[in-house]
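Notes to accompany the following structure.
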Amino acid sequence: MAEGGGKTGTTDDKPDFARGIPAGDLPEGAMIEGTLGEDKVLLLRRDGAVTAIGARCTHLGAPLAKGIVAEGEIRCPWHHARFSLETGEAVGAPAFAPLPCYRAEERDGRITVTGRRDAASRPEGAEPAKAPPGKVVIIGGGAGGHACAEWLARAGHGAAVTLVSDDPDPPYDRTFCSKQYLSGKAPREKTMLAPDGFYGGEGPRLLRDRVVSLDLGAEEIVTAGGERLAYDALVIATGAAPQTPDLPGFDRPEVHTLRSLQDADALIAAAEKARSVAVVGASFIGLEVAAAMIAREKRVAVVAPDAVPLAKVLGEAVGRFVQGLHEEKGVTFRLGRKVEGFDGTALALDDGSRIEADLVVLGTGVAPRIDLAEAAGLALAEKDAGGGIAVDATLAASAPGIYAIGDVASYPDPRSGRPLRVEHWVHAQRQGQHVARMLLGETAPFTETPFFWSGHYGTSLRYVGHAGSAEEPRIEGEVGKGDFAVTYREDGRDAALATCKRDTRSLEVEAAWDREARAAV
C-alpha cells in the first residue's frame, strides 16, 4: 500500500487517517486499518462508498481487517461476531458492544477521517416506539439467557426482564472457564459478560434463585425461595449439566467436573496443591483443561476409550494433529482404555494398569437440563435428536409464550431438515438474541449456522455447521502443518467445515450457509 510519498504519516506502520491516504490506496472491496489519534480505525470501500468504523472487535479485540464483509455486516475473523457497517451495532454474538463510527471524506483524490459520528444506541429494528414485550422471565444466566436479556435491554426494555439463575455469579463467559481463566492468563473479573450495574436499576433484574416448577396454566414460575413470577413470555435457557460416570471413587473430593465459574475456582485451588492431573475423556473441554494444567506446570495424562482424540467430530487426521500439539507440550495419552475407578492416588484402567493422579478432571460429556420442562409437560425431542426441549423454527416450545434456547433446545435445522441440539456457546447466544427479536415483533425463523472454536497452545480451530459424523472428510491444505480446511459431508451435501489458519475461508462458508438456510425457510 502506498503512503503518499511519506506524507500520510503512520503510527506503528498504520496510516494516520487524520492526514489522509490517497484514494487509490482504497480500491473497491479493500479494507485498511489506520489511526485517528489514539483510535484504531478501519476504512472500507463498498459499492464505491467509503465507510470508517472501529478496527477491533469489541469482544476480544480481533483485527477486523482480517474479517469479511457480507450483507452489509463485517464479520470478526476470530469468533465470528457481526457488526452493522452502517451503524456499528453488534448484531451477532459473541460481541455485544457496538463499534465506534467515524466520518470519512473523499475529496481531491484523498480520503480523510475527520472524527466520530453517532453510533447506534439499540439493535436495528428495535425502535423505542415498538410495543414492549410484556413481562419476560428468563430461566438460566448462561450464554443464551444473558444474550436475550442484553438485547432486550439495548432495545429499551430491560426493566421488563427478570433473569433467574441458580449460579451464584452474575452471567459470565463460560469459555474462559476452560481457557484463559483456568490457565491463569486472565483474571476472574475478565470473565464477566456485563458491566457492573447492568442487572438492577432500570435494567434487567437478576434473581439468584432456583426455579422448582413451571405453572403453565397460571403463566408463572415458582422458585425455591418461594417467589411466584408471572410472565408474558418465558425463555428456558437452563443449559446442560456435566455427566459423572458411576465408578468407584468418582465421588471423592479430588474428582472435579468443569461447567461453572465456581467449578473453575475449585479446580484452580486444587491445582495449586496437585502435581499430577488425570483428565478422563478426550473431549474439547477435556483437552482444553489439559492445556490449562500444562500452563500451570502440572504433569498431565489424558485417558479415553477413543483410538484418536476428537476423531468422531473432526476425523482421524485432525484428531491426531490435536493430539500431537498436546504431546509436544508434555501431555501423555492412554487411548483405547476405560477407567474402572479412582482410589485417591491413581486411576485404575481396564487393562490392569494405573495412572498416578492427585487431581482428576472429568470431560465425559453433558446432558440437557430438561427436568422443569418435562415436569410441566412441554414436548421433548427424541433421544436421537439430542433429547432436549422440542421447539419450532422460531424457537417456540409447545406451550404458548414459551421459548427454549441453547444447550437445552432441539430445533429444526433449516439446511438438513433434521432436529438439532447444539452445545456451542456462540450458538446459544445467537438463539437468545433471536428470541429477543421475536419478542420485539419479528417473525423470521432461526437460521444461524452453528459455530465454535477451540484453542490449544496458541493454535485455534474453527468449526462451522454441523455434521453427524466425520467420515470421509475432504481435506485441503496440510493438516500436519496446522494449515487446513476440512469439509465434512452428510446426505450428499457439505455439512460442516473445520479450519486452522484459514479464517477467511471459515467466515465465507459460514456466510454462504447462512444465506442457504434463509433461502430454505
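Structure notes:
- Segment 487-521: number of residues that are open to solvent by less than 50 Å² (accessible area, probe 1.4 Å), part of a strand (DSSP E or B) and within 19 Å of residue 415 (Cα to Cα): 9
- Given (1) in contact with an Asp or Glu (Cβ under 6 Å, 6 or more places away or on another chain); (2) touching a residue at least 60 places away in the same chain (Cβ under 8 Å); (3) open to solvent by 10 Å² or more (accessible area, probe 1.4 Å), index of the condition residue 350 fails: (2)
- Segments classed as helices (runs of 4 or more DSSP H), wholly inside segment 265-346, with at least 3 members that are basic (Lys, Arg) and in contact with a strand residue (DSSP E or B) (Cβ under 6 Å, 6 or more places away or on another chain): none
- Scanning segment 459-485 for residues that are within 27 Å of residue 31 (Cβ to Cβ) and touching a Gly at 6+ places or on another chain (Cβ under 9 Å) yields 459, 461, 483, 484, 485.
- Some residue of segment 421-440 being on the phi > 0 side of the Ramachandran plot and open to solvent by 10 Å² or more (accessible area, probe 1.4 Å): no
- With respect to the conditions (1) modelled with pLDDT of 95 or more; (2) more than 20 Å from the chain's Cα centre (by Cα); (3) among the polar types (S, T, N, Q); (4) open to solvent by 40 Å² or more (accessible area, probe 1.4 Å), residue 223 lacks only one, and its number is (4).
- Of the strands (runs of 3 or more DSSP E) contained entirely in segment 352-416, those carrying at least 3 residues that are more than 21 Å from the chain's Cα centre (by Cα) fall at 354-356, 359-362.
- Of all positions in segment 134-152, at least one carries a residue that is at pLDDT below 95, part of a loop (DSSP other than H, G, I, E, B) and surrounded by fewer than 19 Cβ atoms within 10 Å (Cβ to Cβ).
- Taking the criterion of being under 17 Å from the mean Cα position of the chain (by Cα), farther than 25 Å from residue 224 by Cβ and open to solvent by 20 Å² or more (accessible area, probe 1.4 Å), the residues of segment 176-208 that qualify are 179, 180, 181, 190.
- Scanning segment 299-329 for residues that are within 22 Å of residue 185 (Cα to Cα) and open to solvent by 40 Å² or more (accessible area, probe 1.4 Å) yields a total of 4.
The values are calculated or read from the model by the stated rules, or taken from the named source; none is laboratory data. All values derive from a computational prediction rather than experimental measurement. Please note: Cβ atoms are built from the backbone with ideal geometry, for glycine as well, and neighbour counts cover all protein chains shown. Side chains are part of the model used for accessible areas, which takes the heavy atoms of the whole protein and leaves out ligands, DNA and RNA. Shrake-Rupley method; radii C 1.70, N 1.55, O 1.52, S 1.80 Å.
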